[in-house]
Amino acid sequence: MLRLAPRLLRRSLARTFADVPATPTQDSSFVQAWQKINPNLDPPKTPLAFMTPRPPTPSSIPSKLTVNFVLPYQSELASKEVDMVIIPATTGHMGVLPGHVATIAELRPGILSVHEGSSVTKYFVSSGFAFIHANSFADIVAVEAVPVDRFDPTLVQKGLAEFQQKLAIASTDLEKAEAQIGVDVHSALNSALAG
Amino acid sequence: MASSGGAVPFWRAAGMTYVRYSNICASLVRQCLKEPYRSESLSREKVHFSVSKWVDGKPEKPVVREDSAE
């Protein structure tokens, strides 16, 4: 009964994971050591064997950029093909087109715009990171990203005034830093709502 | 990027970690939202966890903490 187990297991595994390369992603020395100890059981699959291989870098520049834009609580865009995204990096607004050089960018509070054909979707991003890979895949992770029309301008103005005041009266380094963050976020929101 | 050990961001210089900076930015953004979205998003800030301090290798009684919008 137990002798048949590896054969049944192999057959069911072959059916469900047929498109994943099994042996190349397995450590051959581990497999050999396993076979020596129990030749009747198949070696266990490691997590690496279940991962789909990274899409290869194409030789010619692809026509579209594939974007994965995720937040901690939902995924905004999952493998969406777009023409361009403009990300608010700490070094300034960066336009990412297909064929962009591989980059890791830290995002600052600002507007992220996704350009697809003639439509533009804008999100205000609080902070996060953007990973652009050599094969025209972009992974953007943010803590909060909200479409610009969901903001209340009066709250933004009030917040800006409040933090500018806090910055003026701040004494310790930490208070100054927190007030500065408040001023940065609110002024970015202000210019986002205006422009 | 400034990774030569020279200019660090102002929040890092003041002793704040990136995680804290990012969470402060996110909560400020949430405070500026319009009404229905604002109450939904403030529910995302709630944390619920239990902490127990260890003294002399033994845990003390755990304390359940429920913070919302620090």
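For the protein assembly as shown, lysine pairs separated by 8 or more sequence positions, or belonging to different chains, with Cα-Cα distances below 23 Å total 12. Axis of helix A:173-194 versus longest Cα principal axis of chain A: the two differ by about 90°, to the nearest ten degrees.
Here is the interface size for B with A: some 2400 Å² of accessible area buried, both sides summed, with a 1.4 Å probe. Computed per residue of chain B from DSSP H runs no shorter than four, each worth -39500 (n - 2.57), the mean residue ellipticity at 222 nm is -10500 deg cm²/dmol. Using alpha carbons only, how many angstrom separate the centre of region B:1-56 from the centre of region A:81-119? So the separation of the two Cα centres works out to 24 Å.
One compactness figure for region A:65-148 is 0.95, namely its Cα radius of gyration divided by 2.2 N^0.38 Å.
Rounded to the nearest 5, what % of the DSSP beta bridges within region A:42-195 are antiparallel ones?
Here the antiparallel bridges make up roughly 85 percent for region A:42-195.
With protein chains left intact and a 1.4 Å probe, residues in chain A average 59 Å² of accessible area per residue. Contact order, relative form, for chain B: 21 percent (alpha carbon pairs under 8 Å, 6 or more residues apart, mean separation divided by residue count).
How much net charge surrounds B:GLY15 when only other residues with a Cβ under 14 Å from its Cβ are counted (Lys, Arg +1; Asp, Glu -1)? Net charge around B:GLY15: 0.
Against chain A, whose longest principal axis comes from its Cα atoms, helix A:28-37 is set at around 40 degrees.
For the residues of B:19-25, the average number of beta carbons from a partner chain within 10 Å of their own beta carbon is 6. The helix-only estimate of mean residue ellipticity at 222 nm for chain A, built from DSSP H runs of length n ≥ 4 each weighted as -39500 (n - 2.57), is -10500 deg cm²/dmol after division by the residue total. Here region A:115-129 is scanned for amide nitrogen atoms under 18 Å from the site 7 Å beyond the Cα of A:ASP83 along Cα-to-Cβ, giving A:115-123.
Between A:SER60 and B:TYR18, what FRET efficiency follows from the Cβ-Cβ distance if R0 is 30 Å, with the result rounded to 0.05? Please report the intermediate quantities before stating the final value.
Values: r = 38 Å, r/R0 = 1.25.
Efficiency computed from Cβ-Cβ geometry: 0.20.
Computed over region A:121-195, relative contact order equals 28 percent, with contacts defined as Cα pairs under 8 Å that lie 6+ residues apart.
Taking beta carbons within 10 Å but only from partner chains, what does the mean come to for residues B:36-45?
2
Taking every C-alpha pair closer than 8 Å and separated by at least 6 residues, the mean separation divided by the residue count of chain A gives a relative contact order of 15 percent. Just the protein heavy atoms count here, and of the accessible area of chain A at 1.4 Å, carbon and sulfur take up 60 percent. Considering every alpha-carbon pair of chain A, the percent of pairs per 10 Å bin, from zero through the bin containing the longest distance, is 8, 24, 22, 16, 14, 9, 5, 1.
Within 10 Å of the Cβ of each residue in B:11-18, the mean number of Cβ atoms contributed by other protein chains is 4.
Protection proxy ranking of A:184-194, A:112-122, B:53-63, by the mean of other Cβ atoms within 10 Å over each peptide's residues and highest first, is A:184-194, A:112-122, B:53-63.
Rounded to the nearest Hz, the phi-derived 3J(HN,Hα) couplings of region A:87-101 under the Karplus curve 6.51 cos²θ - 1.76 cosθ + 1.60 (θ = phi - 60°) are 10, x, 7, 4, 8, x, 5, 10, x, 10, 10, x, x, 5, 5, where x marks glycine and proline. The simple spin-label model puts a point 7 Å past each Cα toward its Cβ; for A:LYS122 and A:THR52 those points are separated by 3.4 nm.
The values are calculated or read from the model by the stated rules, or taken from the named source; none is laboratory data. Owing to the predicted nature of the structure, the values given are computational and were not obtained by experimental measurement. A quick note on method: Cβ atoms are made from the backbone with ideal geometry, for glycine too, and the neighbour counts reach across all protein chains shown. Remember, those area values only see protein heavy atoms, side chains included, never the ligands or the DNA or RNA. Shrake-Rupley method; radii C 1.70, N 1.55, O 1.52, S 1.80 Å.
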